[in-house]
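First comes the structure, then the notes that go with it.
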Amino acid sequence: MTAPRLLLIEDDIAFRRTLKTVLAAEGYSLAEAADGATGLELLRTTRPDLVLLDLGLPDRDGIEVLRDLRHWSLVPVIVLSARGQETAKVKALDLGADDYITKPFGTPELLARLRAALRHASRSQPPAIYEHDGLVIDLSARTASREGQAIKLSKREWDVLGVLLLDAGKLVTHRQILETVWGAAHAGQSQYLWVYIGHLREKLEPDPLRPSLILTEPGIGYRLAPASA
């Protein structure tokens, strides 16, 4: 059986070393990043089974790292933070963290929560590759092609597409997309969304004037066509 692969995004060197020793003894494989940018890059290249994320990172707040990765990944995330305030926990969980452990914590508690998060993920993780009528999208690698021809998307286009892909076949409301991609302050500004949905249709649809991939639910939101069987 392959060892579960974990990614630890944490700037405290001593804490990383301690955790690596503990997790290795339990059979986990661990990749490490000391800042958010490196962590996001490792997430794309190593494709871990779970992320352990500190909020106090040197280059950017861990909350922003969490928001970014949730645009394109459903990997389980357990926040490990010294911030014990209820508001910090609520914000992290609302943005898609699977669990939140306040430092300091005991090894048995961490291991139990790891096992629980991995069990849940094994039942709910979507396919890594989305295919529909000749279109192939790898959200983790952020690559797209149609009939073997690469399609270039901007970061914001990937962010919007990622929200739709993670719920392919289901209705996603304007508000859900806007809050995830632009933040709660922009939840009512649908003009942002219209522009990027138009860009995505131009690049991804065989006929942008008759969309078959990104379907509109008038006045409510959008639905990405289910992947081809």
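The values are calculated or read from the model by the stated rules, or taken from the named source; none is laboratory data. This structure is a prediction, so every number in the text was calculated from the model and none was measured. Here Cβ is always computed from backbone atoms with ideal geometry, including for glycine, and neighbour counts include all displayed protein chains.
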Practice item. Starting from residues that are closer than 25 Å to Ala187 by Cβ and surrounded by 19 or more Cβ atoms within 10 Å (Cβ to Cβ), keep the ones in segment 125-156 and report whichever is nearest to the chain's Cα centre (by Cα). Key: Leu139
Exercise for review: Evaluate segment 58-72: report whether one residue or more is modelled with pLDDT of 90 or more, loosely packed, with under 12 Cβ neighbours inside 10 Å and on the phi < 0 side of the Ramachandran plot.
Suggested key: yes
Exercise for review: Would you be able to say whether some residue in segment 191-209 is closer than 15 Å to Tyr130 by Cβ, touching a residue at least 60 places away in the same chain (Cβ under 8 Å) and surrounded by 12 or more Cβ atoms within 10 Å (Cβ to Cβ)?
Suggested key: yes
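Looking only at helices (runs of 4 or more DSSP H) that fall completely inside segment 1-96, which ones have 1 or more residues that are in contact (Cβ under 8 Å) with a residue 40 or more places away in the chain and small (Gly, Ala, Ser)? Even if it seems obvious, please write down each step before you answer.
On the way: elements: 13-25, 36-46, 62-69, 86-94.
Hits in segment 1-96: 62-69.
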Revision key, fill the gap. Requiring at least 3 residues that are under 24 Å from Leu40 (Cβ atoms) and not acidic (Asp, Glu), the strands (runs of 3 or more DSSP E) wholly within segment 127-229 are 143-146
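Please tell me if Lys170 is at pLDDT 85 or above and surrounded by fewer than 16 Cβ atoms within 10 Å (Cβ to Cβ). Let's see the steps before the verdict.
Values: at pLDDT 85 or above: no; surrounded by fewer than 16 Cβ atoms within 10 Å (Cβ to Cβ): yes.
The answer is no for Lys170.
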Check your understanding: Residue check: is Ala112 in contact (Cβ under 8 Å) with a residue 12 or more places away in the chain, over 25 Å from Trp158 (Cβ atoms) and part of a helix (DSSP H, G or I)?
Key -> no
Exercise for review: Please tell me if Val181 is β-branched (Val, Ile, Thr) and either assigned by TED's automatic domain parsing to the domain that holds Val65 or at pLDDT 85 or above (or both).
Suggested key: no
Practice item. Can you work out which of the residues in segment 81-107 that are within 13 Å of Leu66 (Cβ to Cβ) and among the acidic types (Asp, Glu) is surrounded by the fewest Cβ atoms within 10 Å (Cβ to Cβ)? Key: Asp94
